[in-house]
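The values are calculated or read from the model by the stated rules, or taken from the named source; none is laboratory data. This one's a predicted model, so the numbers in the text were calculated from it and none came from an experiment. FYI the Cβ positions are ideal-geometry reconstructions off the backbone, even for glycines, and counts take in every protein chain you see. Ligands, DNA and RNA are excluded from the accessible area calculation, which covers all protein heavy atoms including side chains. Shrake-Rupley method; radii C 1.70, N 1.55, O 1.52, S 1.80 Å.
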Amino acid sequence: MQLQRFELKYVVPEEVALAVRDFVASYLEIDEFGATLPNLSYPVHSLYLDSSDLATYRATINGDKNRYKLRLRFYENRSDAPVFFEIKRRMNNTIAKQRGGVRRDAVDSLLAGQLPGPTHLISKEPRQLVALQNFCRLATSLQATPKAHIFYMREAWISRFDNSVRVTMDRTILCDPEPTARLNTDLLRPVNVFGNKVILELKFTSRFPDWFKELVRVFGLMQCGAAKYADGVALLGEYTIRNAFSFDDAPKSDNVPAPSVKESELPKFTSEAEVGALVK
C-alpha cells in the first residue's frame, strides 16, 4: 500500500487550467511521460470492474466513507504493454492505492478466477504480487466483471524531489459501456462526462502545501466531487451499463477511436523502473 494521500478535486474551464499550468510550473516539473506530447498530456485508459448490482458505483454515489474501486489501467494497444490491476481505496478523507503490472496475455485467465502468481507479473517486486492477490480476492468476492471503459488525456506535474506533491489535469473524459476485457483503446459509443471542463486534482501526503493554499485563493477554486466512473455511469444510466453489448457485436461504423497521439510518440513501458514510475 502506498502512503496515504489526500486528493482534492476541482472542475475548471480550460482557460483556468492553462493559467494553473503557468502557476504550477514555478513549483513542479512536468511528468516525463507527457513532456514531449501535445498539450503535455498522455492518454489513460481504465477498465472498471463492478458487481452485477454495481456495488462500487453505489458506494460512491452514496458517499460511503470507506470504499474502493477495481480497475485495469492501460495506455496503449501493444501486445507486450503491461496492464495494471489497481485497487483505489478511500478511507474517510484519504486515498490509498495498490497496483501490480500484469502481462497482457495473463489478464483473461486472472479475471476468470485463476490464482495470481509471480509469473503473471512483469515485476518481481513482492508488493506487486500482494496487490494483485488483493485485487483478485476483492473481484471474486464481488463477482466483479468489466462494466465501463474510461478514457482521458492527463497532464501531470510532479515534485522535483519526491512523490509528496502532484498536480494533475484531466481532459476529454469519456465513458463507454464495456462488458469485456478486450483492452483496446478504441471506444464504441462514449459519452463526454464533463464536457469541455478540466478535472484539476491537487494530491499531497501529510500537510497541505502553503502554495496549494495560494493557488486555491488566486483562482477562486471550489472543491467538488468528480468521480469519472460514477459520474459516467450516472450519465449513461445503470440499465445501459448492465446491458451493454460487446464491441465485436456493434456496427463497425460506430467505433470511435479515442483521441490520441501517434503510436510512435507514446512512451514504451517495458522496464520495472518505468512501471514503478507510473504508480504515482
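Using a basic spin-label model with each label point 7 Å from the Cα along Cα→Cβ, how many nm lie between Asp53 and Gln114? The answer from the label model is 3.2 nm. Legend: residue pairs Lys69/Lys213; Lys65/Lys213; Lys88/Lys197; Lys9/Lys124, Cα-Cα distance threshold 32 Å; pairs beyond threshold, Lys9/Lys124. The residues of the chain have, on average, 45 Å² of accessible surface per residue, using a 1.4 Å probe with all protein chains present. Relative to its residue count, segment 173-216 spans a Cα convex hull of 127 Å³ per residue. Available extension along the chain between Glu214 and Arg127 is 27.7 nm, counting 0.36 nm per residue and deducting the alpha carbon span. Using only side-chain charges placed at the Cβ, +1 for Lys and Arg and -1 for Asp and Glu, the dipole size of the chain relative to its Cα centre rounds to 900 debye. Short-range pairs are left out: with C-alpha atoms under 8 Å and at least six residues apart, the relative contact order of segment 140-187 is 44 percent.
About its Cα centre, the dipole of segment 5-76 is roughly 460 debye, where the only charges are +1 on Lys and Arg Cβ and -1 on Asp and Glu Cβ.
For the chain, the fraction of 1.4 Å probe accessible surface lying on carbon and sulfur atoms is 52 percent.
Here the relative contact order of the chain, from alpha carbon pairs under 8 Å that lie six or more residues apart, stands at 26 percent. Per residue of the chain, the DSSP helices (runs of n ≥ 4 H) give a summed -39500 (n - 2.57) that works out to -7000 deg cm²/dmol at 222 nm. If a paramagnetic tag sat 7 Å from the Cα of Thr205 along the Cα-Cβ line, which residues of segment 149-164 would have the backbone N under 18 Å from that point? Counting backbone N atoms under 18 Å from the label point, the list is 157-164. Relative contact order, whole percent, for segment 55-114 stands at 27, derived from Cα pairs under 8 Å and 6 or more residues apart.
Modelled label positions at Arg103 and Leu8, each set 7 Å beyond Cα in the direction of Cβ, lie 4.5 nm from each other.
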